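Down below is the structure, laid out as C-alpha coordinates.
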Amino acid sequence: MVTNISEQQYSGKLAVLYEGQGDILPFQHLAERLSVPLRSSAEDGFDKQELFFLSWREGCLKLLDNELLKKGGLLVNIEPRHGEQRSWPAPKQGALAQALGRKTRTLVDATTGWGQDGLHIFRMGYELVCMERSPVMAELLIDAFKRLAEQDWMQKLDLQPPRLLIGNAIEMLATLETQPDCIYLDPMYPPKRKKSALAKKSMMVLRDLLGDDLDKEQLFAAALSATGKRVVVKSPGYAEPLGGKPNESFQGKLLRYDVYIKNEKNGD
(Lines give C-alpha, C1' and ligand atoms only; values in the text may rest on other atoms or scores of the structure.)
Protein backbone atom coordinates (compact mmCIF):
# COMPACT_ATOMS: atom_id res chain seq x y z
CA MET A 1 0.00 0.00 0.00
CA VAL A 2 1.31 3.46 -0.89
CA THR A 3 -0.17 6.67 0.46
CA ASN A 4 0.48 10.37 0.81
CA ILE A 5 2.85 11.26 -2.04
CA SER A 6 4.30 14.67 -1.22
CA GLU A 7 5.55 17.27 -3.67
CA GLN A 8 9.18 18.25 -3.81
CA GLN A 9 11.08 20.19 -6.44
CA TYR A 10 14.36 18.99 -7.91
CA SER A 11 14.70 21.82 -10.39
CA GLY A 12 17.99 21.71 -12.25
CA LYS A 13 19.18 18.59 -10.44
CA LEU A 14 17.07 15.73 -11.72
CA ALA A 15 15.48 14.48 -14.93
CA VAL A 16 13.92 11.24 -16.11
CA LEU A 17 16.00 9.68 -18.88
CA TYR A 18 14.53 7.71 -21.79
CA GLU A 19 17.20 5.68 -23.55
CA GLY A 20 15.17 4.58 -26.55
CA GLN A 21 14.08 1.14 -25.33
CA GLY A 22 10.53 0.11 -24.47
CA ASP A 23 7.38 2.13 -24.02
CA ILE A 24 8.08 5.80 -23.29
CA LEU A 25 4.78 6.22 -21.39
CA PRO A 26 6.05 5.06 -17.95
CA PHE A 27 8.96 7.49 -18.28
CA GLN A 28 6.54 10.32 -19.07
CA HIS A 29 4.35 9.44 -16.10
CA LEU A 30 7.36 9.29 -13.77
CA ALA A 31 8.55 12.73 -14.94
CA GLU A 32 5.06 14.13 -14.37
CA ARG A 33 4.81 12.67 -10.85
CA LEU A 34 8.13 14.21 -9.87
CA SER A 35 7.60 17.46 -11.83
CA VAL A 36 10.96 17.07 -13.59
CA PRO A 37 11.97 17.13 -17.28
CA LEU A 38 11.98 14.06 -19.51
CA ARG A 39 15.25 13.76 -21.42
CA SER A 40 16.24 11.48 -24.26
CA SER A 41 19.72 10.03 -24.60
CA ALA A 42 19.39 10.72 -28.31
CA GLU A 43 19.40 14.49 -27.80
CA ASP A 44 22.73 16.33 -27.89
CA GLY A 45 24.00 17.52 -24.54
CA PHE A 46 21.28 15.84 -22.49
CA ASP A 47 23.87 14.97 -19.81
CA LYS A 48 24.90 18.62 -19.40
CA GLN A 49 21.50 19.83 -18.22
CA GLU A 50 20.92 17.89 -14.97
CA LEU A 51 23.16 16.23 -12.41
CA PHE A 52 21.02 13.15 -11.81
CA PHE A 53 18.68 10.91 -13.79
CA LEU A 54 16.08 8.23 -13.13
CA SER A 55 15.73 5.52 -15.74
CA TRP A 56 14.63 1.91 -16.07
CA ARG A 57 17.51 -0.40 -16.90
CA GLU A 58 17.34 -4.20 -16.95
CA GLY A 59 13.80 -4.06 -15.59
CA CYS A 60 14.76 -1.96 -12.54
CA LEU A 61 14.36 1.74 -11.80
CA LYS A 62 17.82 3.20 -11.25
CA LEU A 63 19.33 6.49 -10.11
CA LEU A 64 22.23 7.76 -12.21
CA ASP A 65 24.73 10.55 -12.18
CA ASN A 66 27.08 11.37 -15.06
CA GLU A 67 29.57 8.75 -13.87
CA LEU A 68 26.91 6.06 -13.59
CA LEU A 69 25.45 6.72 -17.05
CA LYS A 70 28.00 4.23 -18.35
CA LYS A 71 28.09 1.92 -15.34
CA GLY A 72 24.55 0.71 -14.76
CA GLY A 73 23.14 2.91 -12.00
CA LEU A 74 21.98 2.57 -8.39
CA LEU A 75 18.86 0.66 -7.39
CA VAL A 76 17.20 -0.54 -4.21
CA ASN A 77 18.66 -4.02 -3.89
CA ILE A 78 16.11 -6.59 -2.70
CA GLU A 79 18.71 -9.34 -2.20
CA PRO A 80 20.16 -10.01 1.28
CA ARG A 81 23.46 -8.29 1.99
CA HIS A 82 26.64 -10.25 2.55
CA GLY A 83 26.30 -12.31 5.71
CA GLU A 84 22.51 -12.01 5.93
CA GLN A 85 20.33 -15.11 5.82
CA ARG A 86 18.17 -15.86 2.80
CA SER A 87 15.65 -17.88 4.80
CA TRP A 88 12.39 -16.38 6.05
CA PRO A 89 12.10 -15.48 8.77
CA ALA A 90 15.84 -14.96 9.09
CA PRO A 91 17.39 -15.45 12.55
CA LYS A 92 17.17 -12.41 14.79
CA GLN A 93 20.90 -12.09 15.33
CA GLY A 94 23.46 -9.30 15.50
CA ALA A 95 23.55 -5.80 16.92
CA LEU A 96 20.48 -4.59 15.01
CA ALA A 97 18.26 -7.43 16.22
CA GLN A 98 19.53 -6.94 19.79
CA ALA A 99 18.65 -3.25 19.59
CA LEU A 100 15.17 -3.91 18.22
CA GLY A 101 14.38 -6.10 21.24
CA ARG A 102 13.23 -9.68 21.75
CA LYS A 103 9.59 -8.77 22.29
CA THR A 104 9.26 -6.36 19.36
CA ARG A 105 6.70 -7.42 16.76
CA THR A 106 5.57 -4.24 15.01
CA LEU A 107 8.06 -1.72 13.69
CA VAL A 108 8.22 1.53 11.73
CA ASP A 109 11.32 2.41 9.69
CA ALA A 110 10.89 6.18 9.59
CA THR A 111 13.95 6.87 7.41
CA THR A 112 13.84 4.09 4.84
CA GLY A 113 16.25 5.57 2.27
CA TRP A 114 17.85 2.78 0.20
CA GLY A 115 15.84 0.28 2.22
CA GLN A 116 18.65 -2.09 3.16
CA ASP A 117 18.04 -2.07 6.91
CA GLY A 118 14.28 -2.08 6.37
CA LEU A 119 14.43 -5.10 4.07
CA HIS A 120 16.67 -6.93 6.53
CA ILE A 121 14.17 -6.14 9.30
CA PHE A 122 11.36 -7.41 7.05
CA ARG A 123 13.23 -10.65 6.31
CA MET A 124 13.65 -11.23 10.06
CA GLY A 125 9.86 -11.48 10.24
CA TYR A 126 8.83 -8.19 11.80
CA GLU A 127 5.59 -6.49 10.81
CA LEU A 128 7.07 -3.45 9.10
CA VAL A 129 5.83 -0.06 7.90
CA CYS A 130 8.32 2.04 5.90
CA MET A 131 8.31 5.84 5.67
CA GLU A 132 10.19 7.93 3.09
CA ARG A 133 9.87 11.64 2.48
CA SER A 134 11.93 11.91 -0.70
CA PRO A 135 9.69 11.30 -3.73
CA VAL A 136 12.79 10.17 -5.66
CA MET A 137 13.67 7.51 -3.10
CA ALA A 138 9.99 6.62 -2.83
CA GLU A 139 9.86 5.82 -6.56
CA LEU A 140 12.95 3.61 -6.20
CA LEU A 141 11.37 1.85 -3.22
CA ILE A 142 8.05 1.34 -5.01
CA ASP A 143 9.92 -0.30 -7.87
CA ALA A 144 11.89 -2.48 -5.44
CA PHE A 145 8.81 -3.59 -3.51
CA LYS A 146 7.14 -4.58 -6.77
CA ARG A 147 10.17 -6.73 -7.61
CA LEU A 148 10.12 -8.14 -4.09
CA ALA A 149 6.47 -9.15 -4.44
CA GLU A 150 7.36 -11.10 -7.58
CA GLN A 151 10.01 -13.23 -5.83
CA ASP A 152 9.19 -16.95 -5.72
CA TRP A 153 9.76 -17.20 -1.97
CA MET A 154 7.43 -14.26 -1.32
CA GLN A 155 4.66 -15.84 -3.40
CA LYS A 156 5.13 -19.33 -1.94
CA LEU A 157 4.85 -17.94 1.59
CA ASP A 158 1.97 -15.61 0.56
CA LEU A 159 3.84 -12.57 1.89
CA GLN A 160 3.27 -8.92 1.04
CA PRO A 161 6.06 -6.31 0.87
CA PRO A 162 6.26 -3.74 3.66
CA ARG A 163 3.68 -0.96 3.60
CA LEU A 164 5.20 2.26 2.26
CA LEU A 165 4.06 5.69 3.46
CA ILE A 166 5.42 8.67 1.53
CA GLY A 167 5.75 12.03 3.22
CA ASN A 168 7.32 13.76 6.21
CA ALA A 169 7.80 11.17 8.95
CA ILE A 170 7.57 13.84 11.65
CA GLU A 171 4.00 14.52 10.56
CA MET A 172 3.05 10.94 9.70
CA LEU A 173 4.25 9.49 13.02
CA ALA A 174 1.74 11.71 14.80
CA THR A 175 -1.12 10.17 12.79
CA LEU A 176 -0.38 6.46 13.26
CA GLU A 177 -3.54 4.53 14.13
CA THR A 178 -1.69 2.22 16.52
CA GLN A 179 1.61 2.59 18.33
CA PRO A 180 4.35 0.31 16.98
CA ASP A 181 6.56 -1.57 19.41
CA CYS A 182 9.63 0.11 17.91
CA ILE A 183 10.49 3.03 15.65
CA TYR A 184 13.79 2.79 13.79
CA LEU A 185 15.74 5.90 12.73
CA ASP A 186 18.75 6.04 10.42
CA PRO A 187 19.14 9.76 9.63
CA MET A 188 21.86 11.10 7.36
CA TYR A 189 24.76 12.67 9.23
CA PRO A 190 27.38 14.99 7.75
CA PRO A 191 30.47 12.93 6.87
CA LYS A 192 33.33 13.02 9.36
CA ARG A 193 35.63 14.22 6.59
CA LYS A 194 34.62 16.27 3.59
CA LYS A 195 35.73 13.52 1.25
CA SER A 196 35.82 10.05 2.68
CA ALA A 197 37.13 7.09 0.70
CA LEU A 198 34.83 4.92 2.81
CA ALA A 199 31.65 6.72 1.73
CA LYS A 200 29.48 4.48 -0.41
CA LYS A 201 28.50 5.75 -3.84
CA SER A 202 24.83 5.32 -2.97
CA MET A 203 25.12 7.58 0.07
CA MET A 204 27.23 10.15 -1.77
CA VAL A 205 24.65 10.42 -4.55
CA LEU A 206 21.76 10.58 -2.09
CA ARG A 207 23.43 13.31 -0.03
CA ASP A 208 24.26 15.33 -3.16
CA LEU A 209 20.67 15.06 -4.35
CA LEU A 210 18.81 15.53 -1.06
CA GLY A 211 21.24 17.07 1.42
CA ASP A 212 21.67 16.12 5.08
CA ASP A 213 18.81 15.58 7.51
CA LEU A 214 18.68 18.89 9.39
CA ASP A 215 15.65 17.98 11.50
CA LYS A 216 16.99 14.85 13.18
CA GLU A 217 16.18 16.15 16.66
CA GLN A 218 12.55 16.87 15.76
CA LEU A 219 12.26 13.44 14.16
CA PHE A 220 13.59 11.77 17.30
CA ALA A 221 11.10 13.66 19.47
CA ALA A 222 8.25 12.63 17.16
CA ALA A 223 9.40 9.01 17.22
CA LEU A 224 9.66 8.89 21.02
CA SER A 225 6.15 10.31 21.28
CA ALA A 226 4.70 7.87 18.72
CA THR A 227 6.34 4.61 19.78
CA GLY A 228 4.77 2.11 22.11
CA LYS A 229 8.02 0.88 23.64
CA ARG A 230 11.30 1.96 22.09
CA VAL A 231 13.18 4.05 19.55
CA VAL A 232 16.36 2.70 17.94
CA VAL A 233 18.75 5.19 16.35
CA LYS A 234 21.51 4.04 13.99
CA SER A 235 24.48 6.39 14.13
CA PRO A 236 28.05 6.48 12.87
CA GLY A 237 30.52 5.77 15.63
CA TYR A 238 31.76 9.38 15.76
CA ALA A 239 28.31 10.97 16.19
CA GLU A 240 26.92 12.12 19.52
CA PRO A 241 23.79 10.21 20.64
CA LEU A 242 20.79 11.84 19.00
CA GLY A 243 18.50 11.65 22.04
CA GLY A 244 21.05 12.11 24.79
CA LYS A 245 22.28 9.16 26.84
CA PRO A 246 20.55 6.00 25.58
CA ASN A 247 19.16 3.25 27.80
CA GLU A 248 21.26 0.74 25.84
CA SER A 249 23.74 0.84 22.99
CA PHE A 250 24.86 -1.96 20.67
CA GLN A 251 28.08 -1.51 18.75
CA GLY A 252 28.79 -2.56 15.19
CA LYS A 253 32.08 -2.24 13.31
CA LEU A 254 31.68 1.38 12.21
CA LEU A 255 28.33 2.29 13.74
CA ARG A 256 26.14 1.76 16.75
CA TYR A 257 22.47 1.34 17.59
CA ASP A 258 21.29 3.54 20.47
CA VAL A 259 18.13 2.33 22.22
CA TYR A 260 15.71 4.63 24.01
CA ILE A 261 13.02 2.94 26.10
CA LYS A 262 9.83 4.98 26.34
CA ASN A 263 8.76 3.41 29.61
CA GLU A 264 11.22 1.36 31.60
CA LYS A 265 8.54 -1.01 32.91
CA ASN A 266 7.68 -1.91 29.30
CA GLY A 267 11.28 -2.65 28.40
CA ASP A 268 12.41 -6.15 27.55
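The values are calculated or read from the model by the stated rules, or taken from the named source; none is laboratory data. Predicted model only: the values in this text are computed from it and were never measured. All Cβ positions, even for glycine, are placed from backbone atoms using ideal geometry, and neighbour counts span all protein chains on display.
Observations
- When Leu34, Leu30 are checked against the criterion of being in contact with a helix residue (DSSP H, G or I) (Cβ under 8 Å, 6 or more places away or on another chain) and closer than 20 Å to Ala149 by Cβ, Leu30 stands alone in meeting it.
- Residue under evaluation Thr178, criteria (1) of a type in the set (Val, Ile, Thr); (2) in a loop (DSSP other than H, G, I, E, B); (3) at pLDDT below 85, criterion not met: (3)
Yes or no, residue by residue, for (1) assigned by TED's automatic domain parsing to the domain that holds Val136; (2) more than 30 Å from Leu254 (Cα to Cα); (3) among the basic types (Lys, Arg):
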position	(1), (2), (3)
Leu38	no, yes, no
Arg57	no, yes, yes
Leu61	no, no, no
Asn77	no, no, no
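- Residues located in the stretch 79-113, provided they are assigned to a loop (DSSP other than H, G, I, E, B) and either among the polar types (S, T, N, Q) or buried (at least 22 other Cβ atoms within 10 Å of the Cβ) (or both): Gln85, Ser87, Gln93, Thr104, Ala110, Thr111, Thr112, Gly113
- Whichever residue in the stretch 134-161 is surrounded by fewer than 21 Cβ atoms within 10 Å (Cβ to Cβ) and acidic (Asp, Glu) and, among such residues, is nearest to the chain's Cα centre (by Cα): Asp143
- Of the candidates Leu173, Leu210, the single residue that is crowded, with 16+ Cβ neighbours inside 10 Å and modelled with pLDDT under 85 is Leu210.
- Residue count for the stretch 17-55 under the criterion of being surrounded by 15 or more Cβ atoms within 10 Å (Cβ to Cβ) and within 17 Å of Ile142 (Cβ to Cβ): the result is 7.
- Within the stretch 233-246, tally of residues that are in a loop (DSSP other than H, G, I, E, B) and surrounded by 14 or more Cβ atoms within 10 Å (Cβ to Cβ): 5
- Test: residue in the stretch 246-259 that is more than 18 Å from Ala97 (Cα to Cα) and at pLDDT 90 or above: no
- Pairing residues of the stretch 28-44 that are part of a loop (DSSP other than H, G, I, E, B) with residues that are of a type in the set (Val, Ile, Thr), at Cβ distances under 7 Å and at least 6 apart in sequence or on separate chains, gives Val36/Val16.
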